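Participant: One structure is given below, represented as C-alpha cells, and several questions about it will come after.
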Amino acid sequence: MLETGIKGTRTVTVNEENTAKAMGSGTLEVFATPALIALMEETCWRSVANELEEGSGTVGTLLEIKHTAPTPVGMKVTCESTLTEVDGRRLVFEVIARDAKGVVGEGMHERFVIQNEKFQVKANAKLI
C-alpha cells in the first residue's frame, strides 16, 4: 500500500558515459544534469515498485530540481527519495542527491500510477 514516508536510495559512480560531455548537455567531464534526473527518477520509481498491484507501474510527469554542484568522474552520487504525498494515482517525492562533499541537487518529482499494459497500448497507438 502506498503511504507517505516511503524512502528510496540509489547510488551511481560518475564515469565517462554519464558526464555532461558524453550526454550532450555540456562540454565538461562532470556528472550530467540528465544523468542526475535519471538517477532521481529511478530512485523514486524503485522505492514504490514493490507496493504496487501486479501489472502496475509509475511514470514521471513533473520534475522540479536544482543541480547545484559539480561531481567529477570517479566520485559517487547518492540520491535519496521520500514519498511526501499520495493523491489518488498521483505520487509526489522529495529528492536530494549528494556526493562525498555535500548536496549536488535537490527538488521534487511527481509520478502517476498506471496500468503498464494499457499505458503501452496507448503509447503504441501513436504509431498507427
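Participant: How many residues does segment 109-128 hold that are over 19 Å from L63 (Cβ atoms) and either of a type in the set (F, W, Y) or open to solvent by 100 Å² or more (accessible area, probe 1.4 Å) (or both)? Outline the logic, then answer.
Facilitator: To start, the set of residues in segment 109-128 that are over 19 Å from L63 (Cβ atoms) comprises 115-118, 120-128.
From what is left, the residues that are either of a type in the set (F, W, Y) or open to solvent by 100 Å² or more (accessible area, probe 1.4 Å) (or both) are 117-118, 122, 126-128.
Of the residues in that region, 6 qualify.
Participant: Quick check on segment 16-32: of everything there that is closer than 12 Å to V104 by Cα and in contact (Cβ under 8 Å) with a residue 40 or more places away in the chain, which residue is least open to solvent (accessible area, probe 1.4 Å)?
Facilitator: So, considering only residues that are closer than 12 Å to V104 by Cα and in contact (Cβ under 8 Å) with a residue 40 or more places away in the chain, the one least open to solvent (accessible area, probe 1.4 Å) is F31.
Participant: Now, a different point. Filter segment 1-15 down to the residues that are within 22 Å of A100 (Cβ to Cβ) and of a type in the set (D, E, K, R), then identify the one that is surrounded by the fewest Cβ atoms within 10 Å (Cβ to Cβ).
Facilitator: In the first step, residues of segment 1-15 are kept if they are within 22 Å of A100 (Cβ to Cβ); the result is 7-15.
Add one more test, that the residue is of a type in the set (D, E, K, R), and what stays is 7, 10.
On the way: K7: 12, R10: 19.
Checked segment 1-15; the qualifying residue surrounded by the fewest Cβ atoms within 10 Å (Cβ to Cβ) is K7.
Participant: Of the residues in segment 36-89, how many are farther than 18 Å from R111 by Cα, in contact with a helix residue (DSSP H, G or I) (Cβ under 9 Å, 6 or more places away or on another chain) and aliphatic (A, V, I, L, M)?
Facilitator: Of the residues in segment 36-89, 2 are farther than 18 Å from R111 by Cα, in contact with a helix residue (DSSP H, G or I) (Cβ under 9 Å, 6 or more places away or on another chain) and aliphatic (A, V, I, L, M).
Participant: Anything in segment 42-54 that is open to solvent by less than 60 Å² (accessible area, probe 1.4 Å) and assigned to a helix (DSSP H, G or I)? List them, or say none.
Facilitator: E42, T43, C44, S47, V48, A49
Participant: Shifting gears a bit: Given (1) open to solvent by less than 50 Å² (accessible area, probe 1.4 Å); (2) under 24 Å from Q115 (Cβ atoms); (3) outside any strand (DSSP E or B); (4) aliphatic (A, V, I, L, M), where does L39 come up short, assuming only one miss?
Facilitator: Tallying (1) open to solvent by less than 50 Å² (accessible area, probe 1.4 Å); (2) under 24 Å from Q115 (Cβ atoms); (3) outside any strand (DSSP E or B); (4) aliphatic (A, V, I, L, M), L39 fails exactly one: (2).
Participant: On the given criteria, is G55 closer than 18 Å to N116 by Cβ and touching a strand residue (DSSP E or B) at 6+ places or on another chain (Cβ under 9 Å)?
Facilitator: Taking the combined requirement at face value, the residue satisfies it.
Participant: Residues in segment 95-108: is at least one open to solvent by 30 Å² or more (accessible area, probe 1.4 Å), among the acidic types (D, E), modelled with pLDDT of 95 or more and in a loop (DSSP other than H, G, I, E, B)?
Facilitator: Scanning segment 95-108, I find no residue that is open to solvent by 30 Å² or more (accessible area, probe 1.4 Å), among the acidic types (D, E), modelled with pLDDT of 95 or more and in a loop (DSSP other than H, G, I, E, B), so the answer is no.
Participant: Of the residues that sit in segment 55-94 and are of a type in the set (S, T, N, Q) and assigned to a strand (DSSP E or B), which one is most open to solvent (accessible area, probe 1.4 Å)?
Facilitator: T61
The values are calculated or read from the model by the stated rules, or taken from the named source; none is laboratory data. Since this is a predicted model, take the numbers as computed values, not measurements. Cβ: placed from backbone, ideal geometry, glycine included. Neighbour counts: every protein chain shown. Quick note on the areas: whole protein, heavy atoms, side chains included, nothing else; ligands and nucleic acids left out. Shrake-Rupley method; radii C 1.70, N 1.55, O 1.52, S 1.80 Å.
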